Amino acid sequence: MGTKRKSEMSLKEVIALITLLDDPDEVIYSQVKERFVILGPPAIPHLETAWENSFDAIMQKRIEIIIHTIQFEILQKALKKWATEEQEDLLKGILILSRYQYPDLDEAKIRKSLDQIKQDVWLELNDDLTALEKVKVLNHILFEVHQFTGNITNYHAPQNSFINNVLESKKGNPLMLSVLYMLICKELNIPIYGINLPQHFVLAYLNDYANLIDVNNKTLSNNILFYINPFSKGLMFNQKDIDQFLKQLNLEPEAKYYIPCSNREIIKRALNNLIFSYEKLGYLEKVDELKGLDKQL
């Protein structure tokens with residue numbers, strides 16, 4: 001009985017707050033907004049209904065701002081929790097990031113799409129295949145059957161950094177195509193991990209993750225069999241190619257350019273890509289928000 005009364009009181013409060021949203025006084029609006037943020041996600045459906053029934057452009061804009069503020073707070077908490085407790089789940093981190101632009105993201109649809117690709121790869125695999133042959137199967141399914149490709153014409157577009165967009169458009173940047181590749185490999189127990197190169201992102205096929213040795217004088221242990229570039233349709237290459245790439249950028253070879261990075265580094269890289277994309281487009285509010293998200297990692 002007490003719970004029912006409490007929820008009724010909350011509903012009355014929400015209705016009362018909504019009636020104040022068209023008040024011209026900015027101080028009142030600021031207080032109403034603050035209260036809605038405290039009420040959190042349960043208030044969103046009521047705010048959406050109020051938006052639909054309003055013909056006041058200012059009120060609609062205020063509702064949009066309040067809903068976004070509530071959703072952004074949820075996102076910050078989710079990313080912080082992921083960074084501290086759930087880093088092993090790369091897909092979860094990528095989905096949290098996509099919710100920044102798509103708060104109503106259909107997670108089940110994304111998982112279904114990934115599962116379909118995984119299934120297509122699995123049907124072509126067998127235990128007798130070498131590492132090279134497995135990668136050829138992966139490349140065939142991803143880049144020929146499903147026709148994923150690097151978005152060269154709109155390389156810096158924000159949509160290249162959101163997994164739902166990449167799955168729909170079949171286009172992405174080096175990082176997100178690599179993430180897609182990694183997610184499929186993880187499901188199939190294929191030891192392929194991300195390499196966080198400057199100005200690029202590639203993959204490594206590992207022989208033994210546990211015994212990786214740091215780079216000394218540009219020599220690697222035999223634990224990395226070869227590297228893969230998903231942005232170039234899964235082109236395979238070796239350590240000398242990374243040496244050459246770093247030389248072109250006038251950078252000294254460091255261990256971090258040759259060995260796998262963490263999932264946290266992948267999400268940070270994705271955030272930085274988005275910050276750069278929105279800076280180019282002049283969306284400075286988004287840039288500030290994304291920098292705030294970066295602090296959660």
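For a protection proxy built on the mean count of beta-carbon atoms within 10 angstrom, sort 121-130, 16-25, 69-78 highest first, please.
With the highest mean Cβ count within 10 Å placed first, the list reads 69-78, 16-25, 121-130.
Mind listing the phi-derived Karplus ³J(HN,Hα) values for the stretch 100-113, rounded to whole Hz, using 6.51, -1.76 and 1.60 with θ = phi - 60°, and x for any glycine or proline?
Going residue by residue, I get 4, 8, 10, x, 9, 3, 8, 5, 4, 5, 5, 4, 5, 4 Hz, with x marking Gly and Pro.
Bin by bin, in steps of 5 Å, what percent of the Cα pairs in the stretch 2-85 do you find, going until the bin that has the longest distance?
3, 14, 23, 22, 16, 10, 7, 3, 1
What residues qualify as long-range amide H neighbours of Lys171, i.e. H under 5 Å apart, gap of 5 or more or another chain, H built at 1.01 Å from N?
Counting only residues 5 or more places away or on other chains, the set is Thr149.
Name the residues whose placed amide hydrogens come within less than 5 Å of the amide hydrogen of Val202, ignoring near sequence neighbours (fewer than 5 apart) on the same chain.
Ile195, Leu197
Going highest first, how would you order 177-183, 273-279, 201-207 by mean Cβ packing within 10 Å?
By packing density, highest mean first, the sequence is 177-183, 201-207, 273-279.
With each pseudo-label sitting 7 Å past Cα toward Cβ, what's the Ile58-Leu132 distance in nm, one decimal?
7.1 nm
May I ask for the angle, rounded to the nearest 10°, between helix 263-281 and the longest principal axis of the chain, with both axes built from Cα atoms and the value confined to 0 to 90°?
The two axes meet at around 60 degrees.
Percent relative contact order of the stretch 2-85, based on C-alpha pairs within less than 8 angstrom and at least six residues apart?
27 percent
For the chain, with the dipole built from +1 on Lys and Arg beta-carbon atoms and -1 on Asp and Glu ones, taken about the Cα centre, which of Tyr278, Tyr100, Leu188 lies farthest toward the positive end?
Toward the positive end, the furthest listed residue is Leu188.
In whole Hz, what ³J(HN,Hα) sequence does the stretch 154-168 give by Karplus (6.51, -1.76, 1.60; θ = phi - 60°), x for Gly and Pro?
Karplus-based 3J(HN,Hα) across the stretch 154-168 equals 10, 4, 9, 5, x, 4, 5, 9, 10, 4, 5, 5, 5, 5, 7 Hz.
Report the equivalent ellipsoid semi-axes for the stretch 90-294 in whole Å, largest first, defined as the square roots of five times the eigenvalues of the gyration tensor built from alpha carbon atoms. Numbers along the way, then the final one.
On the way: eigenvalues 141, 103, 42 Å².
Over the Cα atoms of the stretch 90-294, the ellipsoid semi-axes are 27, 23, 15 Å.
On full extension of the chain, what length is gained from Ile38 through Thr19, given 0.36 nm per residue of separation minus the C-alpha to C-alpha distance?
Extra length available between Ile38 and Thr19 comes to 5.1 nm.
Mind checking Rg over Rh on the stretch 216-297, alpha carbons, Kirkwood formula for Rh?
1.07
Would you mind checking which residues have amide H under 5 Å from Gly234's amide H? H placed 1.01 Å from N; only 5 or more apart, or other chain.
Asn229
Nearest 10 degrees, 0 to 90: what angle lies between the long axis of helix 57-85 and the longest principal axis of the chain (Cα atoms)?
40 degrees
Compute the acute angle (0 to 90°) between the alpha-carbon long axis of helix 174-187 and the principal axis of greatest extent of the alpha-carbon atoms of the chain; round to the nearest 10°.
For 174-187 against the chain, the angle is about 80 degrees.
Here, each number is a calculation from the coordinates, and none is a lab measurement. As the structure is a computational prediction, the values presented were derived from the model and not from experiment. Reconstructed Cβ throughout: ideal geometry from the backbone, glycine too, with neighbour counts over all protein chains shown.
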